[in-house]
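Here the structure is laid out as structure tokens; the discussion comes afterwards.
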Amino acid sequence: MNSARKTKLKLKQHPPRNPLVVPALQRKAGSHRKSKKSERQAQQRALRKDLDA
């Protein structure tokens, strides 16, 4: 008899996301300079280039 019963899978429903948040986050301005990480990597590349040459 158990095989004849159909079990339903219950999933939690999250509240709908706010559709106005995504465009607002995409409009946020960032800094107009390189990050410290990219500057450090550029210095490491320049050092390796100088050592190899």
ask   = Checking Leu11 against (1) open to solvent by less than 100 Å² (accessible area, probe 1.4 Å); (2) assigned to a loop (DSSP other than H, G, I, E, B); (3) among the hydrophobic types (A, V, I, L, M, F, W, C), which test does it fail?
value = (1)
inquiry  = Leu51 - would you say it is aliphatic (A, V, I, L, M), part of a helix (DSSP H, G or I) and open to solvent by 100 Å² or more (accessible area, probe 1.4 Å)?
reply    = yes
task = Look through the range 18-39, keep the residues that are hydroxyl-bearing (Ser, Thr, Tyr) and either part of a loop (DSSP other than H, G, I, E, B) or modelled with pLDDT under 90 (or both), and return whichever of them is least open to solvent (accessible area, probe 1.4 Å).
result = Ser35
inquiry  = So for the range 40-48 (the condition being open to solvent by less than 100 Å² (accessible area, probe 1.4 Å), touching a Lys or Arg at 6+ places or on another chain (Cβ under 9 Å), in a helix (DSSP H, G or I) and modelled with pLDDT of 85 or more), does at least one residue qualify?
reply    = yes
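The values are calculated or read from the model by the stated rules, or taken from the named source; none is laboratory data. Bear in mind the structure is a predicted one, so any value in this text is a computation, not a measurement. Backbone-built Cβ (ideal geometry, glycine too); neighbour counts: all protein chains shown. All accessible areas refer to the heavy atoms of the entire protein, side chains included, with ligands and DNA or RNA removed. Shrake-Rupley method; radii C 1.70, N 1.55, O 1.52, S 1.80 Å.
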